[in-house]
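Single-structure report; data block below.
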C-alpha cells in the first residue's frame, strides 16, 4: 500500500513545486518599464493597474492597448510610442502613484526627451467612455496623437 502512495505523493509534490515556481517566476523581478525611457524622444502610454483586476479594468486595458496598436503601428515599431502596463501595487512601481497623481486605474500619456519627462496627461475620461468603445478608442488615439505629433 505504501509503495503505491509514494509515487502519487512525489508527483503531487512535484506539481506543487512547479506551480509555485511558475507563480514566483511570474511575480519576481521587475518586468515593468523603467521610470524614464532612454530614447531621445518617446511617448509612453502607461496603463496603471494593481494586483486585483475587475472587468472594467480589464476592458480599459484591452481597449487602450487596441487603440494604441491600431493607430500607431509604425511608431510602436520605431520605439517612438511604447505601450506600458504597470502594476502600481508592486514595490518598485509605487512611485508612479505620486508621480502621476493616480487615484484609480488609469491610462496616462507621457512624453520623454532624453530620459526626462517633459509633459504628461492622465486620460481620466476612459472611465466615462468605457461603454462606448468607438468613443474610447477615438479619445485615446487623439490624446496620443497630440503627443506623437508634437515637435
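The values are calculated or read from the model by the stated rules, or taken from the named source; none is laboratory data. Please read all numbers here as calculations on a predicted model, not as lab measurements. Cβ sites come from the backbone with ideal geometry, for glycine too, and all protein chains shown count toward neighbours.
Residues that are over 23 Å from residue 73 (Cβ atoms) and within 17 Å of the chain's Cα centre (by Cα) were ranked within the range 121-150; the one that is surrounded by the fewest Cβ atoms within 10 Å (Cβ to Cβ) is 124.
Against the test of being under 16 Å from the mean Cα position of the chain (by Cα), surrounded by fewer than 16 Cβ atoms within 10 Å (Cβ to Cβ), within 25 Å of residue 55 (Cα to Cα) and touching a residue at least 40 places away in the same chain (Cβ under 8 Å), the options 90, 105 yield a single qualifying residue, 90.
Annotation: residue 61 fulfils all but one of (1) under 22 Å from residue 119 (Cβ atoms); (2) modelled with pLDDT of 95 or more; (3) touching a strand residue (DSSP E or B) at 6+ places or on another chain (Cβ under 6 Å); the unmet one is (1).
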